[in-house]
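Here's the structure, in structure tokens; my notes come after.
The values are calculated or read from the model by the stated rules, or taken from the named source; none is laboratory data. Bear in mind that the values here come from a model prediction, so they are computed numbers and not experimental data. Here the Cβ positions follow ideal geometry from the backbone for every residue, glycine too, while neighbour counts run over all protein chains shown.
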Amino acid sequence: MKRTVIASVAVLLLVVAGCSSSDPTTSDEYQALEQELANTEVELAEVTAERDGLIADAAARAVRSDKSEANAERVGAIVDDPDAFGTKEEVLDELMTMATPEAIMSDTAFGPVPMRQAWSNTLWGSDATIKTWVRWMCDDGSQAGSLWTWNGEAQSGEPFELIGVNLDKFDDEGRVTASLVDWPYDEAYVRESFASGNVGSE
């Protein structure tokens with residue numbers, strides 16, 4: 001496309017030159033076409049740079065998406081059965097390879113805590129398990145989430161069950177930078193369910 005436009009303008013320059021009996025390069029038509037050619041080259045350079053930038057951005061998004069997807073699947077597998085991945089500390093070490101060191105999990109009922117502590121509280125804070133029902137991720141791998149149930153024995157020994165959702169953000173390496181946990185209940189209900197049980201199944 002670029003060569004075609006420039007070639008067309010060049011042909012017009014030659015035509016103008018051939019139709020003039022005096023020095024064609026001094027004519028207004030020639031000067032105007034020459035300026036148009038210069039403007040066209042600048043515009044094409046800008047369009048090409050913009051195109052190349054979009055291609056690079058798309059490639060970076062695809063790479064992040066693949067990394068985020070792989071990490072999210074790994075986290076999901078660990079959450080489904082943490083005992084299959086080693087001791088508590090081994091599991092936490094592996095989970096933290098898929099998050100940035102400064103990552104925070106913000107829970108609307110329990111508050112924000114560092115990611116490692118959040119995983120420890122979630123997986124070993126009670127005799128309970130998490131069952132993930134639905135997972136989703138943005139096309140560019142920047143955000144993901146899941147819908148799950150958390151059930152087992154409350155701190156009192158009574159049974160409890162809660163539905164929750166988490167939303168995660170990922171960096172360019174597919175690592176979690178922040179996680180938000182939310183509930184379809186008020187804060188007091190979640191805390192009471194976790195502490196006393198019974199009320200979670202209402």
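Given the condition among the hydroxyl-bearing types (Ser, Thr, Tyr) and at pLDDT below 90, answer yes or no: does some residue in segment 144-160 qualify? Give the derivation first.
Start the filter on segment 144-160 by keeping residues that are among the hydroxyl-bearing types (Ser, Thr, Tyr), which leaves 146, 149, 156.
From what's left, at pLDDT below 90: 156.
Within segment 144-160, one or more residues are among the hydroxyl-bearing types (Ser, Thr, Tyr) and at pLDDT below 90.
Going by the structure shown, is Asp139 outside any strand (DSSP E or B), touching a residue at least 40 places away in the same chain (Cβ under 8 Å) and not polar (S, T, N, Q)?
Working: outside any strand (DSSP E or B): yes; touching a residue at least 40 places away in the same chain (Cβ under 8 Å): yes; not polar (S, T, N, Q): yes.
Taking the combined requirement at face value, the residue satisfies it.
Is it the case that Arg116 is in contact with a strand residue (DSSP E or B) (Cβ under 7 Å, 6 or more places away or on another chain), under 23 Å from Glu173 (Cα atoms) and of a type in the set (Lys, Arg)? Explain how you work it out, then say what you get.
Working: in contact with a strand residue (DSSP E or B) (Cβ under 7 Å, 6 or more places away or on another chain): no; under 23 Å from Glu173 (Cα atoms): yes; of a type in the set (Lys, Arg): yes.
For Arg116, the condition - in contact with a strand residue (DSSP E or B) (Cβ under 7 Å, 6 or more places away or on another chain), under 23 Å from Glu173 (Cα atoms) and of a type in the set (Lys, Arg) - is not met.
Looking at Val165, Val190, can you tell me which residue is in a strand (DSSP E or B), surrounded by 14 or more Cβ atoms within 10 Å (Cβ to Cβ) and among the hydrophobic types (A, V, I, L, M, F, W, C)?
Values: Val190 fails: in a strand (DSSP E or B).
Of the residues listed, the single one that is in a strand (DSSP E or B), surrounded by 14 or more Cβ atoms within 10 Å (Cβ to Cβ) and among the hydrophobic types (A, V, I, L, M, F, W, C) is Val165.
Find all pairs meeting these conditions: Cβ atoms under 6 angstrom apart; at least six residues apart or on different chains; first residue within segment 185-202 and over 13 Å from Ser126 (Cβ atoms); second residue at pLDDT 90 or above and assigned to a helix (DSSP H, G or I).
Val199/Glu192; Val199/Ser193
I'd like the full set of residues that are touching a strand residue (DSSP E or B) at 6+ places or on another chain (Cβ under 7 Å), touching a residue at least 60 places away in the same chain (Cβ under 8 Å) and farther than 13 Å from Ser106 by Cβ, limited to segment 158-184.
Matches in segment 158-184: Phe170, Asp171, Arg175.
Name the single residue that is nearest to Glu153 (Cα to Cα) among those in segment 115-143 being at pLDDT below 90, crowded, with 17+ Cβ neighbours inside 10 Å and hydrophobic (A, V, I, L, M, F, W, C).
Only one residue tops the list, namely Ala128.
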